[in-house]
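Encoded as structure tokens, the structure appears first; notes follow it.
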Amino acid sequence: QVQLVESGGGLVQTGGPLRLSCAASGSISTVEAMGWYRQAPGKQRELVAGISSTGTTTYTDSVKGRFTISRDNAKNTVYLQMNSLKPEDTAVYYCAADRRLFISTRWKEIDYWGQGTQVTVSS
């Protein structure tokens, strides 16, 4: 059993930065990969960024060059630094953890979820 708690969401202006954090607790030895999904109204839940236990990262094309995922294994925490935010980034962002070596791009296969945090980017 793994618990994930997100923080850092909120309302920001277009072009602004925001940093999300996700702290993991419980049976964290079962976790290999972590990442962030997001879901906008009327849209499918999509993988935004993922990071393996050794630091290998992946990003969806729409956020490359703007978002950076990182993790601090000693603190069991994963971060998402979001820069140059756009209105289309508005969504509920979910922290995800996976027993797989690399995070799944299929949301139904994810092993553990956080509650989600709202990110709203105003024009």
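In this rough spin-label picture, where each label sits 7 Å from Cα along the Cβ direction, the Lys64-Glu46 distance is 1.4 nm. Note on the range 39-91: with neighbouring protein chains present and a 1.4 Å probe, carbon and sulfur make up 44 percent of its accessible heavy-atom surface. Taking Lys and Arg as +1 and Asp and Glu as -1, the other residues whose beta-carbon sits under 15 Å from that of Pro87 total +2. Between Gln39 and Trp113, the modelled label-to-label distance comes to 0.5 nm, taking each label 7 Å out from Cα in the direction of the beta carbon. Between Glu32 and Ser123, the contour length at 0.36 nm per residue exceeds the Cα-Cα span by 29.0 nm. Bridge orientation summary for the chain: considering DSSP beta bridges with both residues in this region, about 90 percent are antiparallel.
Given R₀ = 35 Å, FRET efficiency for Arg106-Gln13 by Cβ-Cβ distance, to 0.05? Intermediate results must be reported in sequence, preceding the final value.
Values: r = 33 Å, r/R0 = 0.95.
Taking R0 as 35 Å, the efficiency between Arg106 and Gln13 is 0.55.
For the range 1-102, the alpha carbon positions stretch 38, 26, 22 Å along the principal axes, listed from largest to smallest. The count of lysine pairs in the chain that are at least 8 places apart or cross chains, and whose C-alpha atoms lie under 23 Å apart, stands at 4.
Please report, in debye to the nearest 20, how large the charge dipole of the chain is about its Cα centre when each Lys and Arg carries +1 at its beta carbon and each Asp and Glu carries -1 there. List each step's numbers first, then the result.
Numbers: 13 positive and 10 negative charges, 18 e Å.
For the chain, the charge dipole is close to 80 debye.
The values are calculated or read from the model by the stated rules, or taken from the named source; none is laboratory data. Keep in mind that this is a model prediction, so the values were computed, not measured. Because the Cβ atoms are built from the backbone with ideal geometry, glycine has one as well, and the counts that use them run over all protein chains shown. With ligands, DNA and RNA removed, areas are computed over all heavy atoms of the protein, side chains included. Shrake-Rupley method; radii C 1.70, N 1.55, O 1.52, S 1.80 Å.
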